[in-house]
Structure formats: C-alpha cells, structure tokens
1. For the chain, what is the charge dipole size about the Cα centre, in debye to the nearest 20, if Lys and Arg each add +1 at the Cβ and Asp and Glu each add -1 at the Cβ?
2. Return T188, T207 ranked ascending by Cβ neighbour count within 10 Å, so the fewest neighbours appear first.
3. Counting pairs of alpha carbon atoms under 8 Å apart in space and at least six apart in sequence, what relative contact order in percent does the range 187-261 give?
4. In a solvent-free Debye calculation with one equal scatterer on each Cα, what is log10 I(q)/I(0) for the range 20-163 at q = 0.12, 0.18, 0.21 Å⁻¹, listed in the order of the q values?
5. Among E99, E91, what is the fewest-to-most ranking by other Cβ atoms within 10 Å?
6. Report ³J(HN,Hα) in whole Hz for each residue of the range 24-33, in order, from the Karplus equation J = 6.51 cos²θ - 1.76 cosθ + 1.60 where θ = phi - 60°; Gly and Pro get x.
7. Of the listed peptides 158-169, 243-254, 175-186, what is their order by residue-averaged count of other C-beta atoms within 10 Å, with the highest listed first?
8. Could you sort 70-78, 221-229 so that the peptide with the highest average Cβ count within 10 Å comes first and the rest follow in order?
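A short reminder: the numbers here are calculations on the coordinates, not readings from a lab. Quick caveat, the model's predicted, so the values are computed rather than measured. Backbone-built Cβ (ideal geometry, glycine too); neighbour counts: all protein chains shown.
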Amino acid sequence: MSKIPETVPPLPPAVDLNRRSPSATAFTWLRAGWDDLKIKPAISLSYGIGVFLISLAVVVGLFAFGWDYILLPALAGFMVVGPILAVGLYEKSRRLAHERSTYLRDTIRAEARTGGQILFIGVILCLLMLLWMRAAVIVYALFFGLRPFPGLDHVAQMLVTSPIGWSMLVVGSLIGGLFAAFSFAISTFSIPMLLDKRVDAFTAMGTSMALVWNNLPVMLVWGAIVVGLFLLSLATCLLGLIIVFPLLGHATWHAYRAIAQ
C-alpha cells in the first residue's frame, strides 16, 4: 500500500501592520478633521449638541439619585463609549472622501448598514464602562472602607491630604488606564472599519488592536490629544463637547484611513 505523503499547509503571508507614521502625523489627522467639520457644520455640530445634552442629563441624573460618588468614573467612562456615538461623524467623513453628497439622514442611517456589528461593539464598550465604574467603587472601598462618600466638595481634600488618598489615586489611575487602553485599542479603528469594509466585529476589533500596537508612537500621541481635548471639555462644564466631539470623530476617520488602509 502506497503511503500518502505528508503535506504541510503553507503559512499565510506576513502582513506588515506598521505604517511608520511619525508621531506628529496625529496633528495632521486633527487638521483634516477640522476641515471636515467646516463642511456642512450643522451636521457635525448636531452630534456635538446631542452628546452635550446626553452628558448633561447623566450628570444631573447622578446628582438627583444621589449617585454623585460615581461621577468621576462615569465621566472617564465617557471616553470608553464615545466612539460608538461618533458613527454618524465617521460616515460624514467617509462620504466626503468619496465626494458624495452628505445629509443628516445619511449619517443617522449609517449604523443600520453594518447589520448589528457596530451595535455588538457598542454593547462591549458599554459593559467595559459599567465594569470600570464598579471597579472604581471597589477601589474606594478597599482604601477607605465603608465610609460614606463625603461629596464632591470634600473628596479632593480627602484624596490629596493623606497617604491613603494618594495611594488610591495611583491605583485607581492605573486600573482606569488599563480599561481606557483596552477600549481605545479595540474601538479606534474597528468602528470606522465596519463602515468601510465587509468584516465582522471580532475581526475589526482584532485588527484594530494589532494596528494600535504596531503603530504605538503615533497612537500614543493621538490618545494624548483625545484625553487633552476631553479634559478641556470638562473645564468648560462640558460645553466644549459641542466642538470637540465632532472634531475628534472626523479626525478618527482620517486616522483610520492613514493607518488601516
């Protein structure tokens, strides 16, 4: 009996995911996002106003229900779910890149074209935000026990005037940074990719993580820009979100075009 020769399937070709973009390229994305915002600005600003009103309602609701102790992690968690709210802004930039007419209804319908894949990523991001908020409460309890939350008027003094407070700030920042880094990695390119290509959510998230890791210098600068503009929005009592949110949404699309294609 003749023996069937053993064969080894060929390995898939190696893919170079490093686009070798200089760190300063992140500012180019920001300028391109500003150019998109200036074209039919009413569409972009409507998203900014909507996000501002939602954020304001969340803050008021937390105080109304006596949940102000999770205000800080809730605000930090906004950056986790922010990309899912920017789908319409990605769509506007996508249509502008193809020189197609753009209307508000086109941006609203964008998510329906993905067959629920973007919704799936949105659920994951929301779960990450809820997990981070729960982790923040646990960290507080580990350092301060079951002491009632002193309120926002006194929490800053409690945190910066004692070794326990500083320790909690360090540990909480590290844990929050892990949540933020993971959500940033899986969502930065995955959601624009779902609008642009026929891929599933898991493929998009995996590709996004690989692209972020292989282009770490420029992505660190981009992440710093996002955080800096978000802190600026907080300094303006969230009013800055009206401009900052659509600006970052459009700029993220240009980051995707530069890195993922």
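1. My answer is approximately 520 debye.
2. So the ranking, lowest neighbour count to highest, is T207, T188.
3. 34 percent
4. Cα-only, vacuum Debye calculation for the range 20-163: -0.70, -1.12, -1.30.
5. E99, E91
6. 5, 4, 4, 6, 5, 4, 5, 5, 5, x
7. Packing order, densest peptide first, comes out as 243-254, 175-186, 158-169.
8. 70-78, 221-229
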